[in-house]
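Notes for the one structure printed next.
The values are calculated or read from the model by the stated rules, or taken from the named source; none is laboratory data. Remember, it's a predicted structure, so these values are computed and weren't measured experimentally. Neighbour counts are summed over all protein chains in view; Cβ atoms, including those assigned to glycine, are modelled from backbone coordinates with ideal geometry. Areas reflect the complete protein model, heavy atoms only, side chains present, ligands, DNA and RNA absent. Shrake-Rupley method; radii C 1.70, N 1.55, O 1.52, S 1.80 Å.
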Amino acid sequence: LSAATEVRCSQMPTYACHRRTPLNHHNQTITNALEILARSAFFQESDVRYLGFTRAASTLKALPYKLQSVNQAKDLPWCGGHCMIVIQEILEHGMCREVEVIKNNEHYQTMELLTGIYGVGVRTAQRWFKEGIRNLSDLKTMECKLTAEQVSGLRHCKDLQQQVTLEEAERVGQLVKDTLQRFVPDVHITMTGGFRRGKEVGHDVDFLITHPNENALSGLLEDAVGWLETQGLLLYHHLKKRKPALRSASSSMDSHETCYAIVALPSSSSPWNTDIEVKKCNSEDAERIAHPESPNSLNSRTWKAVRVDLVVTPQAEHAYALLGWTGSKHFERELRRYSLREKKLSLNSHGLYDLEKLSGSLEC
Ligand code: GTP
Ligand code: MN
Ligand code: MN
């Protein structure tokens, strides 16, 4: 290691939002192991351990070289006792026993499977595990007890478990643009989330939607949903209304108008690729799209279920929403922690608030 690199590492900032965290970095084996430990803690609802492992993994992602000895990690932020043992084991043996045990653990595997279904959080998955649910067939037997979101998640889980490629995300973007422009021709749409960070795959596609004239945005999501539905391109949606009362609250709760959807993305070779107007397609294809569950469609499917988040913001809040929805989750958490601790400012995806002024105004 050059002396300059050593100096840089000893000065590694403690807040993740102050460092570069490249997608491809030098310590993948170790960060993968730490992230498995983090997920295991998450599944046990142990927030402290979850954050500890997540922070250690994040620090190592920012390290500009491959760790050669555990000594090189001892001064790095968040790399405490437990993490050091993991790092040492991996450096010496190429793997960590604790992580291997977790990967083979029935609870961990089941929680991975269940929380991987859209609409299923840790609490629900925990409850199901206790009730004896171990696989998707078990879950299908209790379909009547599932929420509409979970039913859709289960129905389309094969597609949703596959990652969305950048090429697919771009086609979703075109579909979203074509749909929204029918109602507001000069609507402004930005792809956010992982794809905005330069990832080449994602679990969904996120979009922010805005317009200088707030009135133009009123009812836009309903219109878009209605149109997609008539085209048979919407497999599930949940519209969340804007809650103005929460907007300036100091919480990180988001109250933008949002549509959480599963769309049927026509495949690139299907007629919808160049023109999404179903009316121009042959009726057999339209039937297949309109009734995606029909057994006849299974062999020759021309679409893939893709999760899409559409978030509408007034232009004044757009910058904050863009920052908040670009991610990653850890970067956002750290940014909020930095704002609050070091600057006494509360950041959410609606704005940045001076807590002292806010409490003053609340007292009035
Ligand atoms: P992949 O989709 O797996 O590629 O990762 P991603 O980083 O895009 O994750 P995701 O789509 O879950 O979320 C994108 C970003 O938006 C993340 O940084 C989240 O913190 C943020 N986000 C997700 N849901 C909400 C929400 O309801 N409110 C706010 N404010 N932010 C959210
Ligand atoms: Mn995303
Ligand atoms: Mn998302």
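What the table below lists for this structure:
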{"quantity": "Residues of segment 218-238 satisfying the condition of being part of a helix (DSSP H, G or I) and surrounded by fewer than 20 Cβ atoms within 10 Å (Cβ to Cβ)", "calculated": "222, 223, 225, 226, 227, 229, 230"}
{"quantity": "Scope segment 198-210; condition open to solvent by 20 Å² or more (accessible area, probe 1.4 Å) and not basic (Lys, Arg); matching residues", "calculated": "198, 200, 201, 203"}
{"quantity": "Residues of segment 190-204 classified as more than 8 Å from ligand 3 (Cβ to nearest atom) and in a helix (DSSP H, G or I), total", "calculated": "3"}
{"quantity": "Where residue 207 falls short, out of the listed (1) hydrophobic (A, V, I, L, M, F, W, C); (2) more than 28 Å from residue 333 (Cβ to Cβ); (3) modelled with pLDDT of 85 or more", "calculated": "(2)"}
{"quantity": "Top-ranked residue in segment 20-57 [being in contact (Cβ under 8 Å) with a residue 24 or more places away in the chain and part of a loop (DSSP other than H, G, I, E, B); ranked as nearest to the chain's Cα centre (by Cα)]", "calculated": "23"}
{"quantity": "Test: residue in segment 185-197 that is among the charged types (D, E, K, R) and surrounded by 14 or more Cβ atoms within 10 Å (Cβ to Cβ)", "calculated": "yes"}
